[in-house]
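Here's the structure, in structure tokens; my notes come after.
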Amino acid sequence: MHLRETGRHVVIHAPAKLNLFFEVLGRRDDGFHEVETFVYPIDLCDTLIITKRSDDRVKFRLSSVFSGAVGRESSLGQVPADSSNLVVRALELLRQSTGCRLGADVLLVKRIPSEAGLGGGSSDAAAALAGANITWNLKLPVERLAELGGTLGSDIPLFFRDGPSVCRGRGEIVEPVPSSPVLHFAVVRPPAGLNTAKVYGACCVAQEPRSLTRFVESITSARLGQIGACLFNRLESAASDLTPWIARIRRAFESLDCSGHQMTGSGTCYFGLCRHARHARRVARRLESFGLGKAYAVRGYR
């Protein structure tokens with residue numbers, strides 16, 4: 001994430017992510033699933049603006065780059081605008097854990113679709129913790145913020161790291177991969193989203209899991225053909241059984257000139273690996289012309 005102070009405000013840009021590799025190793029005793037994944041942040045970002053209040057209230061407001069309620073819902077999915085939003089929950093957790101009684105005005109400008117496998121809610125929560133830590137002058141180390149975030153969601157700790165990472169456990173064990181190249185993608189979010197728990201519930205764990213090491217080797221090679229050949233998501237088959245959109249988008253990508261393509265996370269967003277920015281823009285336009293949903297041309301976030 002990128003964070004800056006501007007007068008009374010703290011402004012945080014919270015990036016989305018793509019899972020270029022995702023393997024499910026099994027169900028844990030705590031109900032979560034053991035996973036291995038390669039997470040790649042992209043430059044599709046939400047923006048949080050946090051301003052300290054003179055009282056102890058946390059006042060949350062949700063905005064969108066899409067005009068109108070219908071346009072916002074169809075492009076973003078269901079995004080809670082009340083205290084159930086992860087941003088508000090993260091701020092309340094931070095206050096409870098530190099005894100802080102300060103308040104804040106929080107504006108969240110949404111660009112990242114929900115129910116999409118892009119990690120938008122988790123990235124927003126991480127940004128809220130980092131921003132409020134400055135706004136309220138709490139001076140907590142980033143490791144403590146990540147620990148707090150991990151109690152709210154498995155994906156939240158990874159957003160405290162810059163650049164691509166390997167994530168293990170339920171997603172909270174994060175290892176940066178600094179040698180990753182800047183890649184370009186076309187990403188499409190179909191009109192329907194998916195519930196993460198239902199996708200995991202429908203997933204069959206393989207007896208012989210795919211090798212994450214082989215994928216990391218392909219990334220460090222920086223060869224698009226090799227990276228594309230190693231893309232993998234164990235959850236894609238399960239998601240395909242729950243919605244017809246995944247198969248429709250997969251067929252569309254097979255007619256396009258991408259180095260590789262697959263679903264990200266638990267879906268429903270789907271992406272193709274492109275040669276450069278111009279190629280990504282061209283593919284995104286084609287996807288929208290096919291009526292497959294809102295499409296984005298993105299690159300790695302640094």
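The values are calculated or read from the model by the stated rules, or taken from the named source; none is laboratory data. Since we're looking at a predicted model, the values are computed, not measured. Don't worry about glycine lacking a Cβ; one is built from the backbone with ideal geometry, like all the others, and counts go over all protein chains shown.
Take the residues in region 66-87 that are touching a Lys or Arg at 6+ places or on another chain (Cβ under 9 Å) and within 22 Å of residue 151 (Cβ to Cβ), then tell me which one is modelled with the highest pLDDT. Show your work before the answer.
Of all residues in region 66-87, those touching a Lys or Arg at 6+ places or on another chain (Cβ under 9 Å) come to 66, 72, 74-77, 79, 81, 83.
Still in the list and also within 22 Å of residue 151 (Cβ to Cβ): 79, 83.
Details: 79: 90, 83: 93.
The residue in question is 83.
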Going through region 81-96 in order, the residues found to be closer than 15 Å to residue 61 by Cβ and acidic (Asp, Glu) are 82
Can you find even one residue in region 260-274 that is more than 18 Å from the chain's Cα centre (by Cα), within 18 Å of residue 185 (Cβ to Cβ) and outside the structural domain of residue 18 (by TED's automatic domain parsing)?
yes
How many residues, within region 199-208, are surrounded by 14 or more Cβ atoms within 10 Å (Cβ to Cβ) and more than 16 Å from residue 119 (Cα to Cα)?
2
Could you list, in sequence order, the residues of region 1-28 that are in contact with a helix residue (DSSP H, G or I) (Cβ under 9 Å, 6 or more places away or on another chain), closer than 19 Å to residue 238 by Cα and surrounded by fewer than 24 Cβ atoms within 10 Å (Cβ to Cβ)?
23, 24, 27
Of all residues being in contact with a strand residue (DSSP E or B) (Cβ under 6 Å, 6 or more places away or on another chain) and among the charged types (D, E, K, R) in region 148-199, which is modelled with the lowest pLDDT? Just the residue, please.
161
Taking only region 227-242 into account, find how many residues are in contact (Cβ under 8 Å) with a residue 40 or more places away in the chain and in a helix (DSSP H, G or I).
6
Does any residue of region 88-111 turn out to be surrounded by 17 or more Cβ atoms within 10 Å (Cβ to Cβ) and modelled with pLDDT under 95?
no
